[in-house]
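These notes concern the structure reproduced below.
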Amino acid sequence: MQSWRITPAKRVRGMWSPPGDKSITHRAVILGLLARGTTEIENFLEADDCLRTLHIAQQLGAEAERVGEARWRITGRGSESLREPNEVLDAGNSGTTTRLMAGVLASYPIFSVLTGDASLRRRPMRRIVEPLQRMGAHIDGREGATRLPLSIRGGDLRAIKHLTPVASAQVKSCILLAGLNAAGVTEVTEPTLSRDHTERMLRAFGAELETQICTAGAHRVRLHGGQTLEGQKLIVPGDFSSAAFWIAAALLLPGSELVIEGVGVNPTRTGLLEALAQAGVHLEWSAVDEQAGEPTATLRVKSQPLGAMRIGGALVPSLIDEVPILALLATQAHGETLIRDAAELRVKESDRIEAIATELRKMGAQIEPLPDGLRIQGPTPLHGAEVQSYGDHRIAMTLAIAGLIAQGETVVHDVACVQTSFPEFEALLQQLVEYP
Ligand code: S3P
């Protein structure tokens, strides 16, 4: 099993453009598969999760060609049906691949089987199976069709109105993608807005959809079935969730200064910046641009003291993937940080509440798991330890950044999982970090 040995750092310095956004790369491939003509994607995230989506798109009949460094050209199926795959579709570790592709597969008259690795086979699928069955898809699978592998016989879908109990972009996107090829108007209402990359990209590919804010902060999307998508040229913005690890390192290591260029700043993703504003952190922004219907910016991060944070409610979906690194920041913040309303963390690539609390405690943190979040006291000096990733990329990277600010050596075990979202991370431990 691959491990990293991390030694204490002096500071972080430099200029850096994060790799392409994972969520947006998945969607570019899927809409490229469904569209007429060719789609050219620049700054494509060539990490395991997105390559799984790409491979499945090829199994369904898309042509894909690598035309340069992180540049792919995809020729879609347009108004043709998808090709029935002759093998099981393997989503690896990727929940986004599984849930978005399930919506696509359910809407065409083909048979397919979707599976994934041990972590993905443990994750809940009822949240997508139930609405897809209501639309008319025939789905079966383990544990009453609630776990992978799932078999899907699709086609002849009718639109539904669906109310998601938790804000989940994967569930919303699954139903919208199925709705693209269903009879009638599909409507998804979520209690608070989850990341809206699917809606933005559907519009960029020529689809029409209506979005509406309802009472008590709920959000609704409506989409007519039978719309045709046109292939596009797009540049994927830098991944804010990958940048978050280096924002944290620069904030925590005295004397740091890091300029992060071309990072996506879609407000449904940047809740970490709001949390940091609560902590009294000042970040400089400039040059807000727009790529593929998504805003991007350059951020300048300097080390500074942190205050305690209170995280809950509508803020949670916009920082859900940043909670592990936010927990590390909170160990160095003055006061008690409380993170609530984040029970979804228990069904991510690992149970992130238990994983981060257990491993940061080994390094001396005062952190308590709660049913739906974490309570963290700071500031607490961290010391090196032997820690585990639980096969979860975001836990592995959080622990590596913790090792940079700890005293003594930290060994992070089981780090191959970082390939799923951020293959460049290990090299950056040398490129961006100065050691004493
Ligand atoms: C994602 C949505 C989120 C997020 C995941 C990526 C997406 O999951 O945690 O990393 O690309 O749609 P949920 O939709 O389950 O909240």
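Tabulated values for the structure
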item: Top-ranked residue of the stretch 146-202 - restricted to ones that are among the polar types (S, T, N, Q) and open to solvent by less than 20 Å² (accessible area, probe 1.4 Å), ranked as nearest to the ligand (Cβ to nearest atom); result: SER168
item: The stretch 42-61 residues that are within 24 Å of GLY78 (Cα to Cα), paired with ones that are among the aromatic types (Phe, Trp, Tyr) and open to solvent by 10 Å² or more (accessible area, probe 1.4 Å) (beta carbon under 7 Å, 6 or more apart); result: PHE44/TRP72
item: Subset of the stretch 422-436 (residues that are among the hydrophobic types (A, V, I, L, M, F, W, C), part of a loop (DSSP other than H, G, I, E, B) and more than 25 Å from GLY95 (Cβ to Cβ)); result: LEU432
item: Some residue of the stretch 93-103 being open to solvent by 40 Å² or more (accessible area, probe 1.4 Å) and touching an Asp or Glu at 6+ places or on another chain (Cβ under 9 Å); result: no
item: Residue count for the stretch 65-87, restricted to those that are crowded, with 18+ Cβ neighbours inside 10 Å, closer than 26 Å to GLY238 by Cβ and in contact with a Phe, Trp or Tyr (Cβ under 7 Å, 6 or more places away or on another chain); result: 1
item: Selection status of ARG13, away from the ligand (no atom under 15 Å from the Cβ), within 30 Å of ALA406 (Cβ to Cβ), part of a strand (DSSP E or B) and not hydrophobic (A, V, I, L, M, F, W, C); result: yes
item: Filter result (out of contact with any Lys or Arg (no Cβ under 6 Å at 6 or more places or on another chain) and either among the hydrophobic types (A, V, I, L, M, F, W, C) or over 27 Å from GLU424 (Cβ atoms) (or both)) within the stretch 60-82; result: ALA62, GLU63, ALA64, ALA70, ILE74, THR75, GLY76, ARG77, SER79, GLU80, SER81, LEU82
item: Single match in ARG77, ARG123 (criterion: of a type in the set (Lys, Arg) and away from the ligand (no atom under 15 Å from the Cβ)); result: ARG77
item: Candidate set from the stretch 270-286 (those that are of a type outside the set (A, V, I, L, M) and open to solvent by 10 Å² or more (accessible area, probe 1.4 Å)); member that is nearest to PHE425 (Cα to Cα); result: THR270
item: Scope the stretch 208-267; condition outside the structural domain of ALA292 (by TED's automatic domain parsing), surrounded by fewer than 16 Cβ atoms within 10 Å (Cβ to Cβ) and over 30 Å from GLY76 (Cβ atoms); matching residues; result: ILE213, CYS214, THR215, ALA216, GLY217
item: Qualifying residues in the stretch 168-204 (those that are touching a residue at least 60 places away in the same chain (Cβ under 8 Å) and of a type in the set (D, E, K, R)) - the one nearest to ARG220 (Cα to Cα); result: ASP196
item: Test: residue in the stretch 287-304 that is within 16 Å of the ligand (Cβ to nearest atom), open to solvent by 10 Å² or more (accessible area, probe 1.4 Å) and modelled with pLDDT under 95; result: yes
item: Any hit, the stretch 34-46, residues being within 20 Å of MET397 (Cα to Cα) and either crowded, with 24+ Cβ neighbours inside 10 Å or more than 16 Å from the ligand (Cβ to nearest atom) (or both); result: yes
item: Residue within the stretch 305-328 that is over 20 Å from the mean Cα position of the chain (by Cα) and under 24 Å from GLU434 (Cα atoms) present; result: yes
item: Members of the stretch 395-419 that are of a type outside the set (A, V, I, L, M, F, W, C) and open to solvent by less than 10 Å² (accessible area, probe 1.4 Å); result: THR398, GLY403, THR410
item: Residue list for the stretch 402-421, restricted to those being in contact with a Phe, Trp or Tyr (Cβ under 9 Å, 6 or more places away or on another chain), more than 25 Å from GLN332 (Cα to Cα) and part of a loop (DSSP other than H, G, I, E, B); result: ASP414
item: Boolean, LEU105 is away from the ligand (no atom under 16 Å from the Cβ) and not small (Gly, Ala, Ser); result: yes
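The values are calculated or read from the model by the stated rules, or taken from the named source; none is laboratory data. These numbers were taken from a predicted model, which means no experiment stands behind them. Don't worry about glycine lacking a Cβ; one is built from the backbone with ideal geometry, like all the others, and counts go over all protein chains shown. Just the protein is used for accessible areas: all its heavy atoms, side chains included, with ligands, DNA and RNA removed. Shrake-Rupley method; radii C 1.70, N 1.55, O 1.52, S 1.80 Å.
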